[in-house]
Amino acid sequence: MEHTVQKSFKKFLVVWFGQLISMIGIGLTAFSLGVYAFEKTNTATSVALITLFTFLPNILLRPIGGVLADRFDRRTMMIIGDLGSAAGLIFILSIMLTGDIQLWHIYVGVAFSSVFSALQSPAYKASATDLLDKDQFSKGSGLVQLAESSKFLFSPIIAGILLSITTIEVILVINILTFLVAILAVLVIRKSMKVEREDREGKTGSPIFKRAGEKL
């Protein structure tokens, strides 16, 4: 039993690490694009709007994301959320590379990413609960909060260093890669849990175990 609990916590850590990296990436983009907009316009309004479009859709749509996380496979929701978030940044990057980007392009791109982040976040927190034993909830909750706070605590420092040595385009690429890391972590967990489910079904042959496995 103890071995199973430890194994589940290790799976949680894999997912948590992937999400920690993607959260830091989100903060990198928000801070870096804010600096980029200020350099282009010399107005605080453009910075405020980027921050607004980066975080507001996420906050407003999280209740809907929570409902969807209860009805659909949570790990699939996390993958869709990370893919959509990456797509918004790819949109911004592709226009930047053409040399004809406007501020409204950035607003649209970060808002699009934020909408999909609202799908990912509730599914991620619910999946963490699925993977943890009751005795591990407090520890897991602390780690989840750390990951959520990382985009405000660590990202500005990292972004400031990166902006001094590289370009905004490179930072966008780095953020896109952080989403891919998060997706890879979820895929690893999905594959592991699928193998375990098949082993249980093969050993028991019980419809009860099959129904329980389908919920994973």
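Quick rundown of the values:
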read-out: Of residues in region 145-172 being within 17 Å of residue 18 (Cα to Cα) and of a type in the set (Gly, Ala, Ser), the one most open to solvent (accessible area, probe 1.4 Å); value: 149
read-out: Selected residue (criterion: farthest from the chain's Cα centre (by Cα)) from residues of region 42-63 that are open to solvent by less than 50 Å² (accessible area, probe 1.4 Å) and farther than 18 Å from residue 172 by Cα; value: 46
read-out: Test result for residue 120, farther than 18 Å from residue 183 by Cα, open to solvent by less than 20 Å² (accessible area, probe 1.4 Å) and at pLDDT below 90; value: no
read-out: Residue among 33, 28 that alone is under 19 Å from residue 180 (Cα atoms) and crowded, with 22+ Cβ neighbours inside 10 Å; value: 28
read-out: Any hit, region 10-24, residues being more than 16 Å from the chain's Cα centre (by Cα) and part of a helix (DSSP H, G or I); value: yes
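The values are calculated or read from the model by the stated rules, or taken from the named source; none is laboratory data. Bear in mind that the values here come from a model prediction, so they are computed numbers and not experimental data. All Cβ positions, glycine included, derive from the backbone under ideal geometry; neighbour counts span all protein chains shown. Accessible surface is based on the protein model in full, side chains and every heavy atom, while ligands, DNA and RNA are left aside. Shrake-Rupley method; radii C 1.70, N 1.55, O 1.52, S 1.80 Å.
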